[in-house]
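The structure appears below as structure tokens.
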């Protein structure tokens, strides 16, 4: 029997988190789902935990002989799904309440293949919470210029999304940091519309183990990834000044102050617009560039120059 929703969980050891997620699934009022677990652990801790949930709901467990890593483990979990809809859930996130999955299921009647909800960030160390809502006024802008998500991921992490199983695109396994954003951009660029649920249906765990801590502003991660985006979508999105500013800030925050440093990560065929950004930033020290007013002014000058030179 194919279920309406496949909840796909790429797991790796974190048993306490995973138990919290599975417990939040168990209490869901909506029952037409299966749970897929792709286990990257080098022990049997996940498999042992699942024994506690035997008979409570359908679980399909897959143990990876070798750790796939993210996002390959995401893709592996999704590949095993038989449901009409795919609900990828990170093991440190969980459903906000017993009606969350039901509300996602109701949203599938809106004829869009991509659905996401508001969510609540919950910080592990401090117990602080922050509710994150999508500005629906931005929808038309994002549909027109999907790379606006590079400026700010206002959709959220994969756990807040629901995709129709007819979407066969995989998460790009070359990426570490902007995996989810690139996936959203790629699908929206293909004309896939989205529906938004204006209610926090997912709790997102914020902890020191998150990918943010070893990817954000790390040149060896950030620079190859923006090259992939530029290769895929070209420089025309840079005509939008918010997209232009996003690239500007990545170069500034990774302290890329020369063409040689830009090329040192293996990519050499950089667009002229990016090279011009780097050249202008190289004329100022990092403290100056970190000044918000100065940085915005210089970015504006760079934007106008590249427009004048027809590099966008």
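Annotations
- Verdict on residue 173 being within 14 Å of the chain's Cα centre (by Cα) and assigned to a loop (DSSP other than H, G, I, E, B): yes
- Check on residue 237, in a helix (DSSP H, G or I), outside the structural domain of residue 163 (by TED's automatic domain parsing), at pLDDT 95 or above and out of contact with any helix residue (DSSP H, G or I) (no Cβ under 7 Å at 6 or more places or on another chain): no
- Residue check, residue 251 outside the structural domain of residue 17 (by TED's automatic domain parsing), buried (at least 20 other Cβ atoms within 10 Å of the Cβ) and in a helix (DSSP H, G or I): yes
- Exactly one residue among 228, 185 is assigned to a helix (DSSP H, G or I) and either modelled with pLDDT under 95 or under 24 Å from residue 261 (Cβ atoms) (or both), and that residue is 228.
- Residue in the range 156-168 that is more than 14 Å from the chain's Cα centre (by Cα), closer than 22 Å to residue 238 by Cα, surrounded by fewer than 21 Cβ atoms within 10 Å (Cβ to Cβ) and free of Cβ contacts under 8 Å to residues at least 12 places away in the same chain present: no
- Scope the range 135-168; condition in contact with a strand residue (DSSP E or B) (Cβ under 9 Å, 6 or more places away or on another chain) and either at positive phi or in a loop (DSSP other than H, G, I, E, B) (or both); matching residues: 154, 155, 156, 157, 165, 167
- Filtered by the rule that a residue be modelled with pLDDT of 70 or more and closer than 18 Å to residue 159 by Cβ, the range 209-224 gives a lone residue, 215.
- Exclusive hit being assigned by TED's automatic domain parsing to the domain that holds residue 166 and part of a strand (DSSP E or B), set 127, 121: 121
The rows are residues; the columns are (1) more than 19 Å from residue 172 (Cβ to Cβ); (2) under 26 Å from the mean Cα position of the chain (by Cα); (3) in the same structural domain as residue 157 (by TED's automatic domain parsing); (4) free of Cβ contacts under 8 Å to residues at least 60 places away in the same chain.
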| position | (1), (2), (3), (4) |
| --- | --- |
| 206 | yes, yes, yes, no |
| 255 | yes, yes, no, yes |
| 258 | yes, no, no, yes |
| 266 | no, yes, no, yes |
| 270 | yes, yes, no, yes |
| 274 | yes, yes, no, yes |
| 298 | yes, no, no, yes |
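- Failed item in (1) out of contact with any helix residue (DSSP H, G or I) (no Cβ under 8 Å at 6 or more places or on another chain); (2) part of a strand (DSSP E or B), with residue 107 passing the rest: (2)
- If you go through the range 231-248 and keep only what is surrounded by fewer than 22 Cβ atoms within 10 Å (Cβ to Cβ) and over 22 Å from residue 140 (Cβ atoms), you end up with 231, 232, 235.
- Count - residues of the range 61-90 that are buried (at least 19 other Cβ atoms within 10 Å of the Cβ), within 15 Å of the chain's Cα centre (by Cα) and either assigned to a loop (DSSP other than H, G, I, E, B) or free of Cβ contacts under 8 Å to residues at least 12 places away in the same chain (or both): 3
- Selection from the range 7-23 of residues that are at pLDDT 95 or above and out of contact with any helix residue (DSSP H, G or I) (no Cβ under 8 Å at 6 or more places or on another chain): 16, 17, 20, 21, 23
- Residue 251 passes every criterion in (1) out of contact with any helix residue (DSSP H, G or I) (no Cβ under 7 Å at 6 or more places or on another chain); (2) at pLDDT 95 or above; (3) within 22 Å of residue 181 (Cα to Cα) apart from (1).
- Residue list for the range 63-77, restricted to those being within 24 Å of residue 120 (Cα to Cα) and modelled with pLDDT of 95 or more: 71, 74
The values are calculated or read from the model by the stated rules, or taken from the named source; none is laboratory data. Here the structure is a predicted model, which is why all the values come from computation and not from measurement. Backbone-built Cβ (ideal geometry, glycine too); neighbour counts: all protein chains shown.
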